[in-house]
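The values are calculated or read from the model by the stated rules, or taken from the named source; none is laboratory data. All values derive from a computational prediction rather than experimental measurement. Please note: Cβ atoms are built from the backbone with ideal geometry, for glycine as well, and neighbour counts cover all protein chains shown. Quick note on the areas: whole protein, heavy atoms, side chains included, nothing else; ligands and nucleic acids left out. Shrake-Rupley method; radii C 1.70, N 1.55, O 1.52, S 1.80 Å.
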Amino acid sequence: MLVLAAAVMPVAAEAQAPAPQAPVAVLDRARPGYAARGLRAGAFLIRPRIDLGVETTDNVFATERNEVDDVVYGARTQVDVDSQWSRHGLRLSAGTGTVKYQDVSSEDRTNYNVSADGRLDVRRDAYVGVRASYEDYKEARTAIDSRSTALEPTTIKVGRAAAYGAFTLNRVRLLGSVERVDLEAKDVPVAGGGVLVQSTRDRKETYGTLRAEYALSPDTRLFAAAIANERKYDRRPATPAADRDSTGQTYLVGASTSLTRGVSGEA
């Protein structure tokens, strides 16, 4: 608003000028000569991918003493299906990640993920969309909630659903999103018998974001943003002091700019 007050006439004269386009980071630029061509299926492009790897670790269980070393083999597969329409967009994805230990087979695991993202182009400078995803994975031994007494990694299931949108008018751009996350942790057996109860971690999280940007130039934008979150645990606490439910808000103002063609920053 300070810019508008200080330069009413120039802004009015530029009211019909197209909004400057933000630069694209080096790693985000298209590389037609190196990108996989994919498989055409009507109006869709299918991109399958597989990554293979091997590594060594000197502490499989992430413990402070009695460390165990091993060789780890990994394979990750991913299939993305993208629409090739001139307007609107649809992406479907599915993948797996398998980890095999040469000696400690109890740590072997296979993770799964599926997702869908649909975008509706309301007009050239405005769109709305929805996305949903589901993950089923084994928690890493280095995770803060992992316990060394557990005989196997904890299984985590995460479902996500979100709605988002953006609208641009001249130099002003508005972006918003709302996301709901549902996390469930499975109990695991522990050394000496019994189980480690993990259901106390089950929770639902909600996030909301609203951001407004004003383009001073193709390289520089002023912005203001408000971010809110809420966490609610499924199990009621035994005492009020043990209540872990929470809400939070974050408010930001600043500027984003490109320092050079390959370096950008935000303050």
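How many of the residues making up segment 220-263 are open to solvent by 80 Å² or more (accessible area, probe 1.4 Å), assigned to a loop (DSSP other than H, G, I, E, B), closer than 26 Å to T209 by Cβ and not charged (D, E, K, R)?
1
Out of the residues in segment 177-208 that are out of contact with any strand residue (DSSP E or B) (no Cβ under 6 Å at 6 or more places or on another chain) and either modelled with pLDDT of 95 or more or of a type in the set (A, V, I, L, M, F, W, C) (or both), state the one that is farthest from E152 (Cα to Cα).
Here is the first cut: in segment 177-208, the ones out of contact with any strand residue (DSSP E or B) (no Cβ under 6 Å at 6 or more places or on another chain) are 191-194, 197, 199-200.
Now restrict to residues that are either modelled with pLDDT of 95 or more or of a type in the set (A, V, I, L, M, F, W, C) (or both): 191, 197.
Values: A191: 10, V197: 13 Å.
Filtering segment 177-208 for residues that are out of contact with any strand residue (DSSP E or B) (no Cβ under 6 Å at 6 or more places or on another chain) and either modelled with pLDDT of 95 or more or of a type in the set (A, V, I, L, M, F, W, C) (or both), the one farthest from E152 (Cα to Cα) comes out as V197.
Being in contact (Cβ under 8 Å) with a residue 60 or more places away in the chain, more than 30 Å from E64 (Cβ to Cβ) and open to solvent by less than 60 Å² (accessible area, probe 1.4 Å): is that true of S133 here? Step through it out loud before you land on a result.
Values: in contact (Cβ under 8 Å) with a residue 60 or more places away in the chain: no; more than 30 Å from E64 (Cβ to Cβ): yes; open to solvent by less than 60 Å² (accessible area, probe 1.4 Å): yes.
No.
Consider A62 against the criteria (1) open to solvent by less than 50 Å² (accessible area, probe 1.4 Å); (2) not in a loop (DSSP other than H, G, I, E, B): it satisfies all of them except one. Which criterion is unmet?
(2)
Residues of segment 205-222 being touching a Phe, Trp or Tyr at 6+ places or on another chain (Cβ under 8 Å) and free of Cβ contacts under 8 Å to residues at least 40 places away in the same chain, which ones?
Passing the criteria: only R211.
Take the residues of segment 147-203 that are of a type in the set (S, T, Y) and out of contact with any Gly (no Cβ under 6 Å at 6 or more places or on another chain): which is farthest from V104 (Cα to Cα)?
Of segment 147-203, the ones of a type in the set (S, T, Y) are 148-149, 154-155, 164, 168, 177, 199-200.
Going one step further and asking which of them are out of contact with any Gly (no Cβ under 6 Å at 6 or more places or on another chain), we end up with 148-149, 154-155, 168, 177, 199-200.
Working: S148: 15, T149: 15, T154: 16, T155: 18, T168: 54, S177: 43, S199: 26, T200: 28 Å.
Result: T168.
Taking only pairs six or more apart or across chains, which ones have beta-carbon atoms under 7 Å, a first residue in segment 172-190 that is closer than 14 Å to R131 by Cα, and a second residue that is among the acidic types (D, E) and part of a strand (DSSP E or B)?
V181/E205
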